[in-house]
Amino acid sequence: MMAMRDWGPRAALVVVLALVPLTTSNNYYMDIIVQVFMWGGAATAWNIVGGYAGQFSLGHAAFFGIGAYTSSLLFIAFGLSPWIGMLAGGALSALFALIIGYLSVRLRGPFFTLATIALAEVLQILAIYWRGLTGGGSGLLVPFTPGVAAFMFESKRTYAYVGLGFLLATLAVVHLIERSRVGYYLVAIREEEDAARALGVRVLRLKLLAIVISAFFTSLIGTFYAQYTLWVEPPYAFSLELSIQFALMVIIGGLGTWVGPLLGAALITPLNPFQRAWLGAAASGLYLVFYGLVLVLVVLFMRQGIAVETRLAFRRWVTLRRRLASG
Amino acid sequence: MAPLLEARGVVKRFGGLFAVRDVDLAIEAGEIVGLIGPNGAGKTTLFAVLSGFLRPEDGEVRFDGRSVVGLAPEELSRFGLCRTFQLVKPFGNMTVLQNVMVGAFLRLSSPSNAAREAERILEFTGMTHLRDVLAKTLPVELRKRLEVARTLATHPRLLLLDEVMAGLNPTEIKGMLDLLLTLHREGITLFIIEHVMAVIMSLCQRILVLHHGEKIAEGSPGEIARHPRVVQAYLGEEYLLA
């Protein structure tokens, strides 16, 4: 949707991101960097459906969980490299998205959202009760056997660069979508579905395409998560909390913008509930205050998300400077 | 030669209520035909049926000789049948150019070609100076104009225009009228719903009148103005008797 002049800033951002993991060797900070890349990638994938196409999914944890479980199970049971398991998980998620999408994308607004929540809940319950396969509620431990083929690394910095690879791949796909007919069509569907149909937009097909692409990349990030934490459990991997987190990051960063989901992830991740351990007993619960504060501030002052509001503010500043310069 | 658009015995019910009842119509390529009727006569419903947004309970609709009942609007637009909406539906957070590009993408897959085509349409419709404006910021006249421009970009053969003059002042109506006449000269067949009678009378070669979902009259503007059932439908029985 944007002009070619965005190439410069985007390339610059990639370079900066590549330098970030070199700025620290502290494991605590490196963990945040890994997580920002990981959640940034997941949020970017969610944005394809939720931001560009305007289909507000709160069930993306389902695809995340399928990715995490498929690669981990294939690795534990057959010693299959998670790199291959990741693609199997991605394919499974895409297939799942296609079926669920076909049944639910005709539903509009809140009804679609409810259908996606239900989907993730069903998978979560299945994962908890199907003990023989998934290890049930206690989850799945992936034995640590470092190596490139096993997708496990001794150093967090290596994880950071692998995570960055996933993030950049997702960003590249969104970059291509934005510049194609598909990108325009998805936004048109979000803005006015009936008008889009009158102009020949095959709405069902495009929504399915968006959800399939989004599910595939969310699934890859799920595998990355499993390989990083080496532990997958249904209460987390399929949780509504996780689905909401993807959506929140994008809302805060900027729905339907390229860089927004990454900005949202960079802001939210350090405050993330799952970071509570690091805040210590003295500050227990404090993260929730920060979390809430950020949300309130964004809703009050940056309704269109950080990416859009910053661009608008920058434009205002340029105009003001020009006006001052011309007297 | 078969008419460009033909409907026979079209019925659309909402519950027990007939919104469109047993309507026949035929529109020849190159015509400008008007559709009038009191509020609630079923005009917009008939448009929705003809353009594929609603499926009729009974009857046959043929476009360019082929049966199109049950085809979705996105398929009908490929054949060259396109509608506008009474309550305009701009893609608010897209620019005027991008709005028109969405239409142009029907025939052109590359964004650069679609942008070029959209520029051409904007020039044709006199909106070039607005190309980078967000559609949601446009006043009603320009929204209506954008609605027409967007459908033009799909290269339609038949346009169903639903009250594109409503809410416009006399100067703006004149502008829209000129645009419609230009489209007609370009070879586009027009079927229009309109409440502004002066527009209908001056623009249309033929007029259909709908009342309570039924077609009660059809003819030239002069015939329609004198038709007793039309006068009765619009002004009530007493007027006729007086």
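The values are calculated or read from the model by the stated rules, or taken from the named source; none is laboratory data. For clarity, every value in this text was computed on a predicted model and none was experimentally measured. Virtual Cβ from ideal backbone geometry, glycine too; neighbours counted across all protein chains shown.
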Worksheet entry | Meets criteria (among the small types (G, A, S) and either more than 17 Å from A:A160 (Cα to Cα) or surrounded by 19 or more Cβ atoms within 10 Å (Cβ to Cβ) (or both)) for A:A18 | no
Practice prompt. Test each condition in (1) more than 21 Å from A:R190 (Cα to Cα); (2) in a strand (DSSP E or B) for B:A41 and report the one that comes out false.
Written response: (2)
Fill in: Which listed residue, of A:A160, A:A195, is within 14 Å of chain B (Cβ to nearest Cβ) and buried (at least 19 other Cβ atoms within 10 Å of the Cβ)
A:A195
Worksheet item: Does B:G59 satisfy the condition of being of a type in the set (G, A, S), under 23 Å from B:L183 (Cα atoms) and touching a helix residue (DSSP H, G or I) at 6+ places or on another chain (Cβ under 9 Å)?
Response: no
Fill in: Residue check for A:Y102: within 21 Å of A:P235 (Cα to Cα) and surrounded by fewer than 20 Cβ atoms within 10 Å (Cβ to Cβ)
no
Fill in: Within segment A:108-157, considering residues that are of a type in the set (A, V, I, L, M) and touching a strand residue (DSSP E or B) at 6+ places or on another chain (Cβ under 6 Å), the one surrounded by the fewest Cβ atoms within 10 Å (Cβ to Cβ)
A:L141
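Per-residue answers, yes or no, for (1) modelled with pLDDT under 85; (2) part of a helix (DSSP H, G or I); (3) aliphatic (A, V, I, L, M):
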position: A:A282; (1), (2), (3): yes, no, yes
position: A:V289; (1), (2), (3): yes, yes, yes
position: A:L300; (1), (2), (3): yes, yes, yes
position: A:Q304; (1), (2), (3): yes, no, no
Practice prompt. Give just the number: which of (1) at pLDDT 90 or above; (2) surrounded by fewer than 19 Cβ atoms within 10 Å (Cβ to Cβ) does A:V203 not satisfy?
Written response: (2)
Fill in: Answer from A:A43, A:A94 - the residue that is over 15 Å from A:L208 (Cβ atoms) and assigned to a helix (DSSP H, G or I)
A:A43
Worksheet item: Hey, among the residues in segment B:65-74 that are among the small types (G, A, S) and assigned to a loop (DSSP other than H, G, I, E, B), which one's nearest to the other protein chains (Cβ to nearest Cβ)?
Response: B:A72
Practice prompt. Please list, ordered by first then second residue, the pairs with beta carbon atoms under 6 Å, 6 or more apart or interchain, first in segment B:217-228 and farther than 23 Å from B:D22 by Cβ, second assigned to a helix (DSSP H, G or I).
Written response: B:P221/B:M201
Practice prompt. Scan segment A:59-85 for residues that are in contact (Cβ under 8 Å) with a residue 40 or more places away in the chain and small (G, A, S) and jot them down.
Written response: A:G59, A:A61, A:A62, A:G65, A:G67, A:A68, A:S71, A:S72, A:S81, A:G85
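Rundown of residues vs (1) part of a strand (DSSP E or B); (2) within 12 Å of chain A (Cβ to nearest Cβ); (3) in contact (Cβ under 8 Å) with a residue 12 or more places away in the chain, yes/no style:
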{"position": "B:A7", "(1), (2), (3)": "yes, no, yes"}
{"position": "B:R13", "(1), (2), (3)": "yes, no, yes"}
{"position": "B:A19", "(1), (2), (3)": "yes, no, yes"}
{"position": "B:A29", "(1), (2), (3)": "no, no, yes"}
{"position": "B:R62", "(1), (2), (3)": "yes, no, yes"}
{"position": "B:L76", "(1), (2), (3)": "no, yes, yes"}
{"position": "B:L87", "(1), (2), (3)": "no, yes, no"}
Worksheet item: Residues B:E141, B:E172, B:E223: which one is over 30 Å from B:V100 (Cβ atoms) and surrounded by fewer than 20 Cβ atoms within 10 Å (Cβ to Cβ)?
Response: B:E223
Practice prompt. Name the residue, out of A:L199, A:L208, A:L230, that is more than 30 Å from A:A149 (Cβ to Cβ) and touching a residue at least 24 places away in the same chain (Cβ under 8 Å).
Written response: A:L208
Worksheet item: Somewhere in segment B:147-154, is a residue within 14 Å of another protein chain (Cβ to nearest Cβ) and of a type in the set (G, A, S)?
Response: yes
Worksheet entry | segment B:98-139, subset in contact with a strand residue (DSSP E or B) (Cβ under 9 Å, 6 or more places away or on another chain) and farther than 24 Å from B:L76 by Cβ, residue farthest from the other protein chains (Cβ to nearest Cβ) | B:L130
Worksheet, complete the sentence: Counting only residues in segment A:163-181 that are aliphatic (A, V, I, L, M) and under 14 Å from A:G51 (Cβ atoms), the one farthest from the other protein chains (Cβ to nearest Cβ) is identified as A:L171
